[in-house]
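Working notes for the structure below.
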Amino acid sequence: MSDRWRTLLKFGLPLGMIALLSMALLLGKLSHSDSVQTTTRLLMGTMVSITTSHPSPMEADQAVKRAFAEMSRIETLMSSHQSSSTVSHLNRVSRETWSPLPAELAQLLRRGLTISTQSQGAFAMGLEPLTSLWGFSSDKAATEPPTQTALEAWLKGYPATEPLSLQTLADHTTQLRLNGPSVGLDLGGIAKGYAIDQAIAVLRQEGIQNAIVDAGGDLRAIGRKGDKPWRIGIQDPRQADQVVALSLLQGDISMVTSGDYERFFLYQGKRYHHILDPSTALPADSGLQSVSVQAADATTADALSTAIFVLGAEKGMALLDHFPGSAVLLITDTGKPIRSAGFIGEWLPKPSPPTTNSPSKQP
Ligand code: AMP
Ligand code: MG
């Protein structure tokens, strides 16, 4: 087993992801002409699978290769884990000084900053020093929280307003400034969604009309699987091999989940997870275990799911009002589902406890 895999296992990632991937790989009858194929790769620290339902396996194969190449390009641009990425470079050169920002990043940052403003800073793309402090931004899994002194020092250096600034120059190029010692780009809350959207765009350019791009349970689905919708399970936040809800998706829809089970460690019996509240420097403690957002594109769904996780149920629902057509399924810390109008999916009844020694069955 490679170090990378061991690290991922330590973070508790793959079991859930693999379960979700296999849940997403979906049964159902196909139209006679379509062939369904799935290719899986490790990208952006997660298992990414692309499933196509297309008449020509060779054409689909070619398209999927291009889609993966696009996702890999985005990882090289946006990862804060890779020291050679553009984002890591920007973190070295933009602290308290303006530096040129590639147009693609400028566009994504603008989209993210809108959600930062709408969420009163709960969605924050400048948390790299904090995620590093917690050990969530590297391959080395942390085993205990940072000291109170370190967290207070971080809070002191993090501006209450506008941690990141963008300015557009007369030649229409954009510059970035990181405002303060505690600010560094970490696009972990939005880049995966963007990569999924870009992969779908490539598949479409290549003539694929029916596909799912699934990055560890975060996905966008287009078309159908033969003559059926795509069947997507939502993972039980406390039992990686169980689904709590089932969504039948078709057309063009994204669903992205943020959960406290995706990256976490336990210390003295308490769970410390990777979605951080910039106002406290601690893992968000808003009474939720998971937030699944459905939206027209995966970039929006990704940013919203992270923002809503930090904001909690009430403020999260209010944020959703800014995004007509979006919907959410929240799972509270008591395991209770709360869904907004328009969420596509059915909550599955819990299997009753076994009365014999036979193993319980998947719904
Ligand atoms: P997600 O799984 O999409 O909710 O994103 C979580 C990832 O986004 C973390 O691993 C961090 O890289 C980053 N992150 C953590 N806290 C926040 C936050 N409050 N706003 C935006 N990104 C965050
Ligand atoms: Mg997100």
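No lab work stands behind these numbers, since they all come straight from the coordinates. What you see is a predicted model; the values in this text were computed from it and never measured. Positions of Cβ are backbone-derived with ideal geometry, glycine not excepted, and every protein chain shown enters the neighbour counts.
The stretch between Lys65 and Asp333 holds 92.5 nm of extra length on full extension. This uses 0.36 nm per residue minus the Cα-Cα distance.
Annotation: for a label point projected 7 angstrom from Cα along Cα→Cβ of Thr39, residues of the range 201-244 with backbone N closer than 12 Å are 203. In sequence order, the range 284-291 has phi-based couplings of 4, 10, 9, x, 10, 9, 7, 9 Hz under the Karplus curve 6.51 cos²θ - 1.76 cosθ + 1.60, θ = phi - 60°, and Gly or Pro positions carry x.
With the helix formula -39500 (n - 2.57) applied to DSSP H stretches of n ≥ 4, the chain reaches a computed 222 nm mean residue ellipticity of -10000 deg cm²/dmol.
With N set to the residue count of the chain, report its C-alpha Rg divided by 2.2 N^0.38 Å to two decimal places.
Against the compact-globule rule of thumb, the ratio is 0.98.
Here the peptides 302-310, 226-234 are ranked by packing, the mean other Cβ count within 10 Å, and the order with the highest first is 302-310, 226-234. Per-residue Karplus couplings for the range 38-45, computed as 6.51 cos²θ - 1.76 cosθ + 1.60 with θ equal to phi - 60°, are listed in order as 10, 10, 10, 9, 8, 9, 6, x Hz, Gly and Pro entered as x. In sequence order, the range 72-83 has phi-based couplings of 5, 4, 5, 4, 5, 7, 10, 5, 9, 7, 8, 5 Hz under the Karplus curve 6.51 cos²θ - 1.76 cosθ + 1.60, θ = phi - 60°, and Gly or Pro positions carry x. In a fully extended conformation the segment linking Lys140 and Thr97 would gain 12.5 nm over its present Cα-Cα distance, using 0.36 nm per residue.
For Gln242, nonlocal amide neighbours, meaning residues 5 or more places apart or on other chains whose placed amide H falls under 5 Å from its own, are Asp236. For the listed residue pairs Lys192/Lys225; Lys228/Lys315; Lys225/Lys270, the alpha carbons are over 32 angstrom apart in Lys228/Lys315; Lys225/Lys270.
Note on Asp218, Asp236, Asp61: ascending count of other Cβ atoms within 10 Å places them as Asp61, Asp236, Asp218, the fewest first. Amide H to amide H distances under 5 Å link Lys225 with Trp230, where only residues 5 or more positions off or on other chains count and H is placed in the peptide plane.
With no solvent and one point on each alpha carbon, what is the Debye value of log10 I(q)/I(0) for the range 86-178 at q = 0.13, 0.20 Å⁻¹? Normalising to I(0) and taking log10 leaves -0.51, -1.09.
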